[in-house]
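The values are calculated or read from the model by the stated rules, or taken from the named source; none is laboratory data. Small disclaimer: the values here were computed from a predicted structure and weren't measured. Positions of Cβ are generated from backbone atoms using ideal geometry, with glycine treated the same way; all protein chains shown enter the neighbour counts. In case anyone asks, the SASA skips ligands and DNA or RNA and just uses the protein heavy atoms, side chains included. Shrake-Rupley method; radii C 1.70, N 1.55, O 1.52, S 1.80 Å.
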Amino acid sequence: MPRLSRLRHEQAFHDEQARRRALDLADRSLVFADDDYLDHETWIRPAFARLGDVRGRRILDLGCGHGMAAIVLARRGARVTALDLSTGYLHEARARARANGVDIGWVAADGERLPFADATFDGIWGNAVLHHLDLDLAGRELRRVLRPGGVAVFCEPWGENPLLGWARRALPYAGKQRTPDEMPLDQGGLAVLRHSLPTLTLEGHQLLGMIGRVLGPRPWLARVDGWLLRQAPWLQRWCRYVVLTERV
Ligand SMILES: C[S@@+](CC[C@H](N)C(=O)[O-])C[C@H]1O[C@@H](n2cnc3c(N)ncnc32)[C@H](O)[C@@H]1O
(Lines give C-alpha, C1' and ligand atoms only; values in the text may rest on other atoms or scores of the structure.)
Protein backbone atom coordinates (compact mmCIF):
# COMPACT_ATOMS: atom_id res chain seq x y z
CA MET A 1 0.00 0.00 0.00
CA PRO A 2 1.43 3.49 -0.83
CA ARG A 3 2.87 5.29 2.18
CA LEU A 4 0.30 8.10 2.42
CA SER A 5 -2.69 5.74 2.14
CA ARG A 6 -1.14 3.54 4.82
CA LEU A 7 -0.68 6.54 7.15
CA ARG A 8 -4.26 7.69 6.49
CA HIS A 9 -5.57 4.18 7.31
CA GLU A 10 -3.49 4.01 10.48
CA GLN A 11 -4.69 7.42 11.62
CA ALA A 12 -8.37 6.74 10.84
CA PHE A 13 -8.24 3.32 12.55
CA HIS A 14 -6.65 4.66 15.75
CA ASP A 15 -8.82 7.79 15.84
CA GLU A 16 -11.90 5.57 15.63
CA GLN A 17 -10.50 3.28 18.36
CA ALA A 18 -9.90 6.36 20.54
CA ARG A 19 -13.44 7.60 19.86
CA ARG A 20 -14.91 4.31 21.09
CA ARG A 21 -12.59 4.32 24.12
CA ALA A 22 -13.77 7.85 24.97
CA LEU A 23 -17.35 6.56 25.32
CA ASP A 24 -16.15 3.85 27.75
CA LEU A 25 -13.90 6.22 29.69
CA ALA A 26 -16.45 9.04 29.97
CA ASP A 27 -17.48 8.33 33.56
CA ARG A 28 -14.27 6.67 34.79
CA SER A 29 -11.30 8.18 36.57
CA LEU A 30 -8.15 8.46 34.46
CA VAL A 31 -5.97 8.36 37.56
CA PHE A 32 -3.82 5.22 37.72
CA ALA A 33 -0.87 3.81 39.67
CA ASP A 34 2.45 3.06 37.93
CA ASP A 35 2.00 -0.66 38.68
CA ASP A 36 -1.29 -0.72 36.72
CA TYR A 37 0.71 0.09 33.60
CA LEU A 38 3.94 -1.75 34.40
CA ASP A 39 2.14 -5.04 35.12
CA HIS A 40 -0.55 -4.99 32.43
CA GLU A 41 1.67 -7.17 30.20
CA THR A 42 4.57 -9.31 31.39
CA TRP A 43 7.21 -7.65 29.19
CA ILE A 44 6.52 -4.03 30.21
CA ARG A 45 8.28 -3.93 33.60
CA PRO A 46 11.52 -5.64 32.45
CA ALA A 47 11.52 -3.50 29.28
CA PHE A 48 11.07 -0.30 31.31
CA ALA A 49 14.01 -1.31 33.52
CA ARG A 50 16.21 -1.23 30.41
CA LEU A 51 15.71 2.54 30.16
CA GLY A 52 17.60 2.85 33.47
CA ASP A 53 17.32 5.93 35.66
CA VAL A 54 15.32 8.43 33.59
CA ARG A 55 15.45 11.35 36.06
CA GLY A 56 16.17 14.58 34.21
CA ARG A 57 16.54 12.75 30.88
CA ARG A 58 14.75 13.65 27.66
CA ILE A 59 12.65 10.63 26.67
CA LEU A 60 10.52 10.15 23.55
CA ASP A 61 7.44 7.91 23.83
CA LEU A 62 6.97 6.88 20.20
CA GLY A 63 3.36 6.00 19.32
CA CYS A 64 2.24 6.91 22.85
CA GLY A 65 -1.42 5.87 22.34
CA HIS A 66 -3.28 6.25 25.66
CA GLY A 67 -0.21 7.93 27.22
CA MET A 68 0.24 5.68 30.25
CA ALA A 69 3.94 4.97 29.56
CA ALA A 70 4.61 8.69 29.08
CA ILE A 71 2.94 9.45 32.42
CA VAL A 72 4.91 6.76 34.29
CA LEU A 73 8.12 8.14 32.76
CA ALA A 74 7.19 11.70 33.77
CA ARG A 75 6.39 10.53 37.32
CA ARG A 76 9.89 9.04 37.42
CA GLY A 77 11.34 12.46 36.66
CA ALA A 78 11.92 12.20 32.90
CA ARG A 79 11.33 15.16 30.56
CA VAL A 80 8.88 13.41 28.25
CA THR A 81 7.83 14.08 24.68
CA ALA A 82 4.98 11.82 23.55
CA LEU A 83 4.28 11.46 19.84
CA ASP A 84 1.41 9.81 17.99
CA LEU A 85 -0.19 9.96 14.58
CA SER A 86 -3.68 9.77 16.08
CA THR A 87 -5.05 13.06 17.40
CA GLY A 88 -7.86 11.04 19.01
CA TYR A 89 -5.39 9.08 21.13
CA LEU A 90 -3.40 12.25 21.90
CA HIS A 91 -6.61 13.83 23.21
CA GLU A 92 -7.13 10.88 25.59
CA ALA A 93 -3.45 10.88 26.62
CA ARG A 94 -3.50 14.62 27.36
CA ALA A 95 -6.62 14.23 29.54
CA ARG A 96 -4.97 11.32 31.38
CA ALA A 97 -1.79 13.37 32.00
CA ARG A 98 -3.91 16.25 33.37
CA ALA A 99 -5.80 13.87 35.67
CA ASN A 100 -2.49 12.47 36.93
CA GLY A 101 -0.91 15.91 37.37
CA VAL A 102 2.10 15.53 35.07
CA ASP A 103 3.52 17.74 32.39
CA ILE A 104 4.32 16.17 29.00
CA GLY A 105 5.07 17.58 25.56
CA TRP A 106 2.54 16.21 23.06
CA VAL A 107 3.34 15.97 19.35
CA ALA A 108 0.98 14.88 16.56
CA ALA A 109 3.34 13.55 13.89
CA ASP A 110 4.42 10.57 11.84
CA GLY A 111 7.01 8.29 13.47
CA GLU A 112 8.65 7.84 10.07
CA ARG A 113 9.39 11.61 9.83
CA LEU A 114 10.26 12.81 13.31
CA PRO A 115 10.01 16.61 13.76
CA PHE A 116 13.05 16.79 16.07
CA ALA A 117 16.66 17.86 15.66
CA ASP A 118 19.43 15.26 15.56
CA ALA A 119 20.46 13.82 18.97
CA THR A 120 17.46 15.31 20.81
CA PHE A 121 16.71 12.37 23.10
CA ASP A 122 18.57 10.45 25.82
CA GLY A 123 16.06 7.64 25.55
CA ILE A 124 13.25 6.33 23.34
CA TRP A 125 10.37 4.09 24.42
CA GLY A 126 7.92 2.40 22.09
CA ASN A 127 5.36 -0.29 22.91
CA ALA A 128 3.60 -2.02 20.01
CA VAL A 129 4.39 0.72 17.51
CA LEU A 130 7.32 -0.25 15.24
CA HIS A 131 5.29 -2.96 13.54
CA HIS A 132 2.92 -0.21 12.31
CA LEU A 133 5.77 1.67 10.63
CA ASP A 134 8.04 1.45 7.62
CA LEU A 135 11.00 -0.05 9.49
CA ASP A 136 13.68 1.39 7.24
CA LEU A 137 12.37 4.97 7.52
CA ALA A 138 11.57 4.68 11.23
CA GLY A 139 14.93 3.05 12.06
CA ARG A 140 16.86 5.90 10.40
CA GLU A 141 14.80 8.53 12.17
CA LEU A 142 15.11 6.88 15.58
CA ARG A 143 18.88 6.60 15.24
CA ARG A 144 19.07 10.25 14.12
CA VAL A 145 17.19 11.65 17.14
CA LEU A 146 18.95 9.44 19.73
CA ARG A 147 22.02 11.09 21.23
CA PRO A 148 25.32 9.21 21.73
CA GLY A 149 25.12 7.33 25.03
CA GLY A 150 21.34 7.05 24.67
CA VAL A 151 19.13 3.96 24.81
CA ALA A 152 16.07 2.92 22.82
CA VAL A 153 13.68 0.20 24.01
CA PHE A 154 10.86 -1.25 21.94
CA CYS A 155 8.33 -3.98 22.72
CA GLU A 156 6.88 -5.63 19.63
CA PRO A 157 4.70 -8.62 18.72
CA TRP A 158 6.96 -11.30 17.26
CA GLY A 159 6.01 -13.21 14.13
CA GLU A 160 8.29 -16.25 13.96
CA ASN A 161 5.99 -18.82 15.62
CA PRO A 162 3.84 -20.50 12.91
CA LEU A 163 1.30 -21.83 15.43
CA LEU A 164 0.89 -18.37 16.93
CA GLY A 165 0.66 -16.93 13.40
CA TRP A 166 -2.25 -19.26 12.72
CA ALA A 167 -3.91 -18.35 16.06
CA ARG A 168 -3.52 -14.62 15.31
CA ARG A 169 -5.25 -15.11 11.97
CA ALA A 170 -7.91 -17.67 12.90
CA LEU A 171 -8.91 -17.43 16.58
CA PRO A 172 -11.34 -14.86 17.93
CA TYR A 173 -10.09 -13.25 21.17
CA ALA A 174 -10.53 -9.98 23.03
CA GLY A 175 -8.55 -6.93 21.86
CA LYS A 176 -7.62 -8.47 18.53
CA GLN A 177 -8.55 -5.49 16.30
CA ARG A 178 -5.73 -4.72 13.87
CA THR A 179 -4.99 -2.26 11.09
CA PRO A 180 -4.86 -3.90 7.63
CA ASP A 181 -1.15 -3.20 7.16
CA GLU A 182 0.36 -4.01 10.56
CA MET A 183 2.45 -7.20 10.70
CA PRO A 184 4.22 -8.71 13.71
CA LEU A 185 7.95 -8.09 13.55
CA ASP A 186 10.05 -10.96 12.19
CA GLN A 187 13.70 -11.74 11.38
CA GLY A 188 13.38 -9.84 8.07
CA GLY A 189 12.08 -6.73 9.85
CA LEU A 190 14.74 -7.02 12.51
CA ALA A 191 17.44 -7.10 9.80
CA VAL A 192 15.99 -3.90 8.30
CA LEU A 193 16.01 -2.16 11.69
CA ARG A 194 19.61 -3.26 12.24
CA HIS A 195 20.72 -1.23 9.21
CA SER A 196 20.22 1.85 11.39
CA LEU A 197 20.28 0.29 14.88
CA PRO A 198 23.12 -2.23 14.45
CA THR A 199 23.44 -3.45 18.04
CA LEU A 200 19.74 -4.08 18.60
CA THR A 201 19.38 -6.98 21.07
CA LEU A 202 16.29 -9.15 21.32
CA GLU A 203 14.69 -10.69 24.42
CA GLY A 204 11.66 -12.98 24.06
CA HIS A 205 8.62 -12.83 26.36
CA GLN A 206 5.58 -15.09 26.68
CA LEU A 207 6.41 -18.53 25.39
CA LEU A 208 3.87 -20.60 27.34
CA GLY A 209 2.55 -17.36 28.86
CA MET A 210 0.82 -16.51 25.60
CA ILE A 211 -1.91 -19.01 26.58
CA GLY A 212 -2.99 -16.31 29.04
CA ARG A 213 -4.12 -14.23 26.04
CA VAL A 214 -6.99 -16.69 25.63
CA LEU A 215 -7.45 -18.14 29.14
CA GLY A 216 -6.72 -14.97 31.16
CA PRO A 217 -3.48 -14.06 32.97
CA ARG A 218 -1.60 -16.93 34.66
CA PRO A 219 1.32 -15.27 36.56
CA TRP A 220 3.03 -18.63 37.24
CA LEU A 221 3.45 -19.10 33.48
CA ALA A 222 5.70 -16.01 33.39
CA ARG A 223 7.94 -17.66 35.98
CA VAL A 224 8.05 -20.92 33.99
CA ASP A 225 8.83 -18.91 30.83
CA GLY A 226 11.63 -17.05 32.60
CA TRP A 227 13.21 -20.36 33.63
CA LEU A 228 12.75 -21.99 30.21
CA LEU A 229 14.17 -19.02 28.31
CA ARG A 230 17.21 -18.86 30.60
CA GLN A 231 17.88 -22.60 30.06
CA ALA A 232 17.30 -22.50 26.30
CA PRO A 233 17.53 -18.94 24.89
CA TRP A 234 16.89 -20.27 21.37
CA LEU A 235 13.25 -20.78 22.42
CA GLN A 236 12.88 -16.99 22.11
CA ARG A 237 12.13 -17.42 18.45
CA TRP A 238 8.71 -18.82 19.35
CA CYS A 239 7.76 -16.12 21.86
CA ARG A 240 4.74 -13.87 21.46
CA TYR A 241 6.55 -10.59 22.13
CA VAL A 242 10.12 -9.33 22.00
CA VAL A 243 11.86 -6.48 23.75
CA LEU A 244 14.45 -4.79 21.53
CA THR A 245 17.20 -2.64 23.02
CA GLU A 246 19.69 -0.40 21.27
CA ARG A 247 22.48 1.43 23.13
CA VAL A 248 24.39 3.97 21.07
C1 LIG B 1 -0.98 -0.63 19.24
S2 LIG B 1 -0.97 1.09 19.56
C3 LIG B 1 0.20 1.18 20.91
C4 LIG B 1 -0.03 2.41 21.75
C5 LIG B 1 0.81 2.52 23.02
N6 LIG B 1 2.23 2.60 22.73
C7 LIG B 1 0.52 1.38 23.97
O8 LIG B 1 1.45 0.84 24.55
O9 LIG B 1 -0.66 1.03 24.17
C10 LIG B 1 -0.08 1.75 18.20
C11 LIG B 1 0.02 3.27 18.25
O12 LIG B 1 0.89 3.70 17.20
C13 LIG B 1 0.33 4.85 16.59
N14 LIG B 1 0.86 4.94 15.22
C15 LIG B 1 0.57 4.16 14.15
N16 LIG B 1 1.26 4.57 13.07
C17 LIG B 1 2.00 5.64 13.47
C18 LIG B 1 2.91 6.51 12.82
N19 LIG B 1 3.21 6.38 11.53
N20 LIG B 1 3.49 7.49 13.54
C21 LIG B 1 3.20 7.67 14.86
N22 LIG B 1 2.33 6.88 15.53
C23 LIG B 1 1.75 5.88 14.84
C24 LIG B 1 -1.16 4.62 16.66
O25 LIG B 1 -1.90 5.81 16.51
C26 LIG B 1 -1.30 3.98 18.06
O27 LIG B 1 -1.50 4.95 19.05
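Place a label point 7 angstrom from the Cα of ALA109 along the Cα-to-Cβ direction, then list the residues of segment 125-152 whose backbone nitrogen is under 16 Å away.
Answer for segment 125-152: 125-126, 137-147.
With +1 on the Cβ of every Lys and Arg and -1 on the Cβ of every Asp and Glu, and nothing else charged, how large is the dipole of segment 40-93 about its Cα centre, in debye rounded to the nearest 20? Provide the component values of the computation, followed by the final result.
Details: 8 positive and 5 negative charges, 79 e Å.
My answer is approximately 380 debye.
So with the 1.4 Å probe, I'd like the accessible area per residue for segment 63-117, rounded to whole Å². Spell out each step's value before the answer.
On the way: 2080 Å² over 55 residues.
Per-residue value: 38 Å².
Which whole number of Å³ per residue matches the convex hull of the alpha-carbon atoms in segment 1-137?
Per residue, the Cα convex hull of segment 1-137 comes to 112 Å³.
Pick out, from GLY123, ALA95, THR81, the residue whose Cα sits farthest towards the positive end of the charge dipole of segment 79-136, with +1 on the Cβ of Lys and Arg and -1 on the Cβ of Asp and Glu.
ALA95
Given the Cα atoms of segment 112-235, and with Rh set as the inverse mean 1/r over their pairs in the Kirkwood sense, what is Rg to Rh to two decimals? Intermediate results must be reported in sequence, preceding the final value.
Details: Rg = 16.3 Å, Rh = 16.3 Å.
Radius of gyration relative to Kirkwood radius: 1.00.
For a test of the definition: using alpha carbon positions, the gyration tensor, and the 1.5 limit on a/c, classify the chain as rounded, prolate or oblate.
Since a/c stays below 1.5, the shape of the chain is classed as rounded.
Principal axis extents for segment 178-240, Cα atoms only, whole Å, descending order, please.
That gives 37, 33, 13 Å along the principal axes, largest extent first.
Per-residue accessible area for THR201 at 1.4 Å probe radius, Å² rounded to 10?
So the heavy atoms of THR201 present about 70 Å² to solvent.
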